[in-house]
1. What's the number of the only condition in (1) out of contact with any Gly (no Cβ under 9 Å at 6 or more places or on another chain); (2) on the phi < 0 side of the Ramachandran plot; (3) modelled with pLDDT of 95 or more; (4) surrounded by fewer than 20 Cβ atoms within 10 Å (Cβ to Cβ) that Pro545 fails to meet?
2. What do you reckon, is His491 in the same structural domain as Gly371 (by TED's automatic domain parsing), of a type outside the set (D, E, K, R) and assigned to a loop (DSSP other than H, G, I, E, B)?
3. Looking at the stretch 507-564, which of its residues are within 30 Å of Gln485 (Cα to Cα) and outside any loop (DSSP other than H, G, I, E, B)?
4. Among all residue pairs at least 6 apart or on different chains, which show Cβ distances below 7 Å where the first residue, located in the stretch 516-539, is at positive phi and the second is surrounded by 13 or more Cβ atoms within 10 Å (Cβ to Cβ) and not aromatic (Phe, Trp, Tyr)?
5. Please verify whether Glu486 is under 22 Å from Trp402 (Cβ atoms), buried (at least 17 other Cβ atoms within 10 Å of the Cβ), assigned by TED's automatic domain parsing to the domain that holds Gly424 and in contact with a strand residue (DSSP E or B) (Cβ under 9 Å, 6 or more places away or on another chain), treating the condition exactly as stated.
6. Out of the residues in the stretch 205-227 that are assigned to a helix (DSSP H, G or I) and small (Gly, Ala, Ser), which is surrounded by the most Cβ atoms within 10 Å (Cβ to Cβ)?
7. Which residue is surrounded by the most Cβ atoms within 10 Å (Cβ to Cβ), if the candidates are limited to the stretch 229-262 and must be on the phi > 0 side of the Ramachandran plot and in a loop (DSSP other than H, G, I, E, B)?
8. Regarding Arg156, is this residue part of a loop (DSSP other than H, G, I, E, B) and basic (Lys, Arg)?
Amino acid sequence: MNDQAQSASALRGRTGGQILVDQLLAQGVRTLSCVPGESFLAALDALHGSAIEVLVCRNEGGAAMMAEAAGKLTGRPGVCFVTRGPGASNAAHGVHVAAHDSTPMILLIGQVGRAMRHREAFQEVDYEQMFGRIAKWVVEVNEASRLPELMARAFRVAMQGRPGPVVVALPEDMLSEETAVIADAPKVEPAEAAPAPADLRRLAELMRGARRPVAILGGSRWSEEASAGFVAFAERTGLPVATSFRRAHLFPADHPNYAGDLGIGPNPKLFRRIQEADLVLLLGARLSEMPSGSYTLLDVPMPRQALVHVHPGAEELGRVYQPSLAIQASPSAFLAALAAAELDFGPPAQEAGAAHQDYLAWSQEPLKVPGDFQYAEAMVWLRQRLPPDAIICNGAGNYAGWIHRYYRFRRFATQLAPVSGSMGYGVPAAVMAKHLFPERIVIAFAGDGCFLMNGQEFATAVQHGLPIVVVVVDNAMYGTIRMHQEGRYPHRVSATDLANPDFAALARAYGGHGERVERTQEFAPAFERALACGKPAIVHCLLDPEAITPAKTLSQLRGSKLSD
């Protein structure tokens, strides 16, 4: 067959919705989250009977967070489909998480018909204006024939460099019109910037001259192989290894080189160790406000320590901290190059053992807090009970402090939590995690305020038969805000009290399993029943309001003028 005949055979009449689904399949998409809308009925029709499973959600915020969680777990963009106007506005919640967490994600939005644009038609929004400062790229596809080109670009942009969200608006009439289109674009992979050999030699030189080096791991563009590669590198060099805020799964907590995680209320000894280091290897992370202690961990813009910053996005290198050595590379590419290079890093550093002992002393024994339910004891029990591959999800709130302090992440891709500090993340993230990994235990932690942000996605878990366990930690208030409120305005409680439902009864009303825990000794048997029931379950734990942090009570913090 000649070239002209081959080109003719590649042309086929398809609706825009069918072409869109073809492109998603070509990019390896097999699951997407969705709240349906009339603006993309043609795409929903094309999904009917396709190889893509649609998780039907109850709110676009939860749907977008599910897609973000898929991006975290797989390294390829999670996909969410929502309708125009209010639907897109709700989904902005998940787009913000993906942006701050450097997660590849694609948000598809049904748009008004092309002939109605710029008239403020029903639910019309200019998405380039709406998402232009949050997403990596925003595009409206006005010709179905361009879908292969623009969807391939969307996947590439979402993944490469510093990953993030891409927003694609799809006019309703474009999705329903039929056109001839050339064969699908190939599956795209992110481009990799390889470290220069001279940079690796300079790193080895800096490490040979260091006496108190430390590594900080964070960000995205990691893989299980890269995580294992850094374990080998740490063993070879004697590096103490810290993980950034909500990135604890990047290095096993039971490894003798692990020094702990940086976040809200970190181990003071770890914070001081990094401040007193003479070399900091910052790999993959941006070291933003939370892990840097409001930018006090390293001096801005010139750190006292020699700083080696490795990041996949060139724009991040020198953005806040001026490094001694800047290397543009993903963690995976950097570690592959490092393993292949024959370099002398000098004798192993001697601080890892002491750093790990500091971590164990900080996290080993549960501290007692007021009340009958000792949350720390429950968390220590869970770290002994759960297998290493269990996936732990949480949103934002003081309740997460117990997870970060007492649980030990031992495997790659077992932590799903928003670096952005977004409430309502844990339940939708757990739904997606259980869908992708049905053989693994998936636990979502949520405060009472956090759960009711996106807790309706528990219905999604019931509908799709995904037996997650949600641990709701209920102190009848927005705890983090109350902590700061009492610190600045003691005894002047305003807008932070909550009247809550019976969450165990709510689980049963949804068709799941519910347990109520008022005392510590009730937690283990309640959790085992929840795990064994074979249905989505909620374990409702009542926490004394005084138990505001793992270490200090609300009364102790009252009037202390905590900083943000």
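1. (1)
2. On the way: in the same structural domain as Gly371 (by TED's automatic domain parsing): yes; of a type outside the set (D, E, K, R): yes; assigned to a loop (DSSP other than H, G, I, E, B): yes.
It is true that His491 is in the same structural domain as Gly371 (by TED's automatic domain parsing), of a type outside the set (D, E, K, R) and assigned to a loop (DSSP other than H, G, I, E, B).
3. As a first pass, look at the stretch 507-564 and keep what is within 30 Å of Gln485 (Cα to Cα): 516-520, 538-564.
Arg516, Val517, Thr520, Ile538, Val539, His540, Cys541, Leu542, Leu554, Ser555, Gln556, Leu557, listed by residue number.
4. Going by the 7 Å Cβ cut-off, the qualifying pairs are Gly534/Pro467.
5. On the way: under 22 Å from Trp402 (Cβ atoms): yes; buried (at least 17 other Cβ atoms within 10 Å of the Cβ): yes; assigned by TED's automatic domain parsing to the domain that holds Gly424: yes; in contact with a strand residue (DSSP E or B) (Cβ under 9 Å, 6 or more places away or on another chain): no.
No, not satisfied.
6. Our first condition is that a residue be assigned to a helix (DSSP H, G or I); within the stretch 205-227, this holds for 205-209, 224-227.
Among the residues that remain, those that are also small (Gly, Ala, Ser) are: 209, 226-227.
Working: Gly209: 12, Ala226: 23, Ser227: 20.
Step by step, filter the stretch 205-227, then rank; the result is Ala226.
7. Taking the stretch 229-262 and keeping what is on the phi > 0 side of the Ramachandran plot, we get 238, 246, 260.
After this cut, where a residue has to be in a loop (DSSP other than H, G, I, E, B) as well, the list is 238, 246.
Details: Gly238: 18, Arg246: 26.
Across the stretch 229-262, the extreme among qualifying residues is Arg246.
8. Working: part of a loop (DSSP other than H, G, I, E, B): no; basic (Lys, Arg): yes.
No: the conditions fail for Arg156.
The values are calculated or read from the model by the stated rules, or taken from the named source; none is laboratory data. Remember, predicted model here, so these are calculated numbers, not experimental data. Heads up, the Cβs are rebuilt from the backbone with ideal geometry, glycines too, and the neighbour counts pull from every protein chain shown.
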